[in-house]
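To keep things clear, I will list the structure first and then write my remarks on it.
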Amino acid sequence: MGARRRAGLAAAPSFGALSTGGTPQHVPEIESALFAALLNQQHLGVGVCSPDGVLMMANAAFDEMFGDDRLPVVQPAWPHRPHLHDEQGQPLDHGQDPLARALRGEVVTAQVVTVQRPDRPVRFLRCSAFQLRGSRARMLAAVIFAVDITDWMTEQHRLEELRDQLVTAVNHEVRTPLAVILGHMELINEQDTPLPESVTWSLEAIDRAAGHLEEVVGVISEIADESLAMGPR
């Protein structure tokens, strides 16, 4: 893939004028410090790709996240990356990784990719990518930011399993016998034979309690669905 620069750069490219309260002569120094700080982030993978698809810069976090399957290099002879998949675990189509999309002019926000290697656990990465443009809107590079969300996704899957177990338990242990009770209540109410007042009072109490329990079951199911939709905090 050619030589590329790593974190700890002595100088950084200008990303355009910054809106700061400092004097103009301090802007390049601020830009350089900001760029170096980004590259030195341990939990934020940063990669910079040239317009022709060559990865020019990447910090240690980026290399650690993607391993040998770095996301750059979009060339006619670019081979399929067998370890890069989408959020559902399906292999990424050619040119659908975040950097390739950014090179085509897309602004990529929160695309989830998975890195699946036989010698490592599956990793989920949330990626955003976009183009850097200079004067006259000339494309300078494409930049990608990646965050490892494996723990978040693992917790999400755990919540899905708990939700499924809860729904199964509610349906099997509560909803089914409740339906039997309500069904028999209907049969009794359809009888033409008058019932003693004490029996009628008891049946009405059972009917009210069963109706309340049915509402509770519905609320439990709604809470389970909402918790799954919100995901782990």
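Quick one: net charge around Val107, please, counting Lys, Arg +1 and Asp, Glu -1 for every other residue with C-beta under 13 Å from its C-beta.
Values: positive: Arg101, Arg104, Arg133; negative: Glu106.
That sum, taken over residues with Cβ under 13 Å, equals +2.
Going from the fewest other Cβ atoms within 10 Å to the most, the residues Asp97, Asp164, Asp63 appear in the order Asp164, Asp63, Asp97.
Close amide-amide hydrogen proximity is noted between Ile149 and Phe124, Leu125, Arg126, each under 5 Å apart and 5 or more residues distant or on a separate chain (H modeled in the peptide plane; Pro and chain starts excluded).
Couplings 3J(HN,Hα) for the stretch 126-142, derived from phi with the Karplus relation 6.51 cos²θ - 1.76 cosθ + 1.60 (θ = phi - 60°), are 9, 10, 10, 8, 6, 8, 9, 10, x, 5, 6, 6, 6, 6, 9, 5, 10 Hz, where x marks Gly and Pro. Of the GluC sites (Glu not before Pro) found in the stretch 129-233, the ones in coil according to DSSP and having at most 13 other Cβ atoms within 10 Å of their Cβ are Glu190. Cα centroid separation, the stretch 117-149 to the stretch 153-175: 35 Å.
Could you list the trypsin sites (Lys or Arg not before Pro) in the stretch 90-157 that lie in coil according to DSSP, counting only those with at most 16 other Cβ atoms within 10 Å of their Cβ? Don't skip to the answer; put the middle values down first.
Details: sites: Arg101, Arg104, Arg123, Arg126, Arg133, Arg136, Arg138; in loops: Arg104, Arg138.
Answer in residue order: Arg104, Arg138.
All of the numbers you see were taken from the coordinates with simple rules; none came from a lab. A quick note: this is a predicted structure, and the numbers were derived from the prediction, not measured. Heads up, the Cβs are rebuilt from the backbone with ideal geometry, glycines too, and the neighbour counts pull from every protein chain shown.
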